Ligand code: FA5
Ligand code: MG
């Protein structure tokens, strides 16, 4: 696939990432193109569709789960370094030694000792060890996947994990006598050997209830969804949630009952829990009707400006941006006392129509001697259906300049 043509760190003996030097060895397969994504942190970028989606999910937890102290039940981690060890990414989560996920064909290795996490679940053990019983972790993850409209080698996940003590899990039940979390039983399709059926079913019920709640918050009560049985090394039983979107079932998350060995290793063996992992990129695409995952990496203001809101619950209807080349011209003029920018914007739109993508004030200059002020605007020309020629741009630009002088009384510089 496409990444085989990436330039490697061939002529280096070490790579510096986040001010830390990593020696290159035979496992190294990360590329400059991938490391260039490390500082982007789109999930933390105000007004980005990934940030908005993450905030909506986070608010769901803030609104629905409050401790008696009044604080949110779920702690949120959004700034953990994506550089992890193979132990964190795989072993701590019970990946078998021959699991294909470990292969260098699937995972970006910095060297034999460090890699770019392939899922945010890599932090679960350390967070449980730190004593957290309920948390969300958000971050960028990296996989050597194909690139197409819904796959990209860097994407974003939001994971959640919750542990229950016996008292917490059974507390809503009228007569909890005889109910236990643990037994020495058999592993079946429905439960782990150490879990009772009651415990496993209650954890499953709570997990699915939470995830359906999020789905309905994001997509409305009428959204069609289904649970599909699946396998993860770190949960059993495990499911994927699919939602029906544009006549297709689309997988949006994986989840399950946490493997008890993980809780035990992390020092929480007296509790049972659930875990889930959501792909934020696809959720954002569905919510805002963004047709291509690559747009999420766009620095194009025409894209980003559409999501520039403070309240993540704001309804945003994404307006596709043209794939055709844009052209820009600058226009500067001395303004009059009564001049307002919005009059100029209207004039540009009425002259240029659909050929105008945007107009932006880029500079204001005051001449002290003559006591005059000048504005400079950049006009971006672009059409949704075709390329605009240089001649057309010139013609429209000149027409705008002429009418601005005649109608707004400005003086072109
Ligand atoms: C996982 O990564 C598990 N860690 C999720 C999990 C956590 C399961 C906790 C159980 C408990 P998976 O590989 O299926 O699972 O990825 C999770 C989600 O990430 C997918 O549902 C999908 O929405 C998204 N995803 C996966 N690969 C890509 C990709 N290349 N580009 C964009 N999104 C992707
Ligand atoms: Mg999957």
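The values are calculated or read from the model by the stated rules, or taken from the named source; none is laboratory data. For clarity, every value in this text was computed on a predicted model and none was experimentally measured. Using ideal geometry, Cβ is built from the backbone for each residue, glycine included, and neighbour counts are taken over all protein chains shown.
Observations on the model:
- Residue list for segment 389-413, restricted to those being in a loop (DSSP other than H, G, I, E, B), in contact (Cβ under 8 Å) with a residue 24 or more places away in the chain and on the phi < 0 side of the Ramachandran plot: 410, 413
- In the condition set (1) part of a helix (DSSP H, G or I); (2) in contact with a helix residue (DSSP H, G or I) (Cβ under 8 Å, 6 or more places away or on another chain); (3) buried (at least 20 other Cβ atoms within 10 Å of the Cβ), residue 286 is compliant with all but (3).
- Conditions (1) assigned to a loop (DSSP other than H, G, I, E, B); (2) touching a helix residue (DSSP H, G or I) at 6+ places or on another chain (Cβ under 9 Å); (3) surrounded by fewer than 18 Cβ atoms within 10 Å (Cβ to Cβ); number of the one not met by residue 268: (3)
- Check on residue 95, in contact (Cβ under 8 Å) with a residue 12 or more places away in the chain, part of a strand (DSSP E or B) and touching a helix residue (DSSP H, G or I) at 6+ places or on another chain (Cβ under 7 Å): no
- Just one residue in the set 251, 240 is within 16 Å of ligand 2 (Cβ to nearest atom), in the same structural domain as residue 92 (by TED's automatic domain parsing), touching a strand residue (DSSP E or B) at 6+ places or on another chain (Cβ under 6 Å) and at pLDDT below 95; that residue is 251.
- Residue list for segment 214-235, filter: under 14 Å from residue 248 (Cα atoms) and touching a helix residue (DSSP H, G or I) at 6+ places or on another chain (Cβ under 9 Å): 223, 225
- Every listed requirement among (1) more than 22 Å from the chain's Cα centre (by Cα); (2) surrounded by fewer than 18 Cβ atoms within 10 Å (Cβ to Cβ); (3) in a loop (DSSP other than H, G, I, E, B) is met by residue 28 save one, (2).
- Tally of residues being away from ligand 2 (no atom under 12 Å from the Cβ), assigned to a strand (DSSP E or B) and surrounded by fewer than 21 Cβ atoms within 10 Å (Cβ to Cβ) across segment 220-236: 4
- Looking at segment 98-192, the strands (runs of 3 or more DSSP E) lying wholly inside it that each contain 3 or more residues that are crowded, with 18+ Cβ neighbours inside 10 Å sit at 114-116, 134-142, 154-164.
- For residue 85, the conditions (1) touching a residue at least 24 places away in the same chain (Cβ under 8 Å); (2) over 21 Å from residue 134 (Cα atoms); (3) exposed (fewer than 14 other Cβ atoms within 10 Å of the Cβ) all hold with the exception of (3).
- Checking segment 133-141 against the condition returns a match, with at least one residue being more than 20 Å from the chain's Cα centre (by Cα) and modelled with pLDDT of 95 or more.
- Of all residues making up segment 340-388, the number that are part of a loop (DSSP other than H, G, I, E, B) and under 37 Å from the mean Cα position of the chain (by Cα): 7
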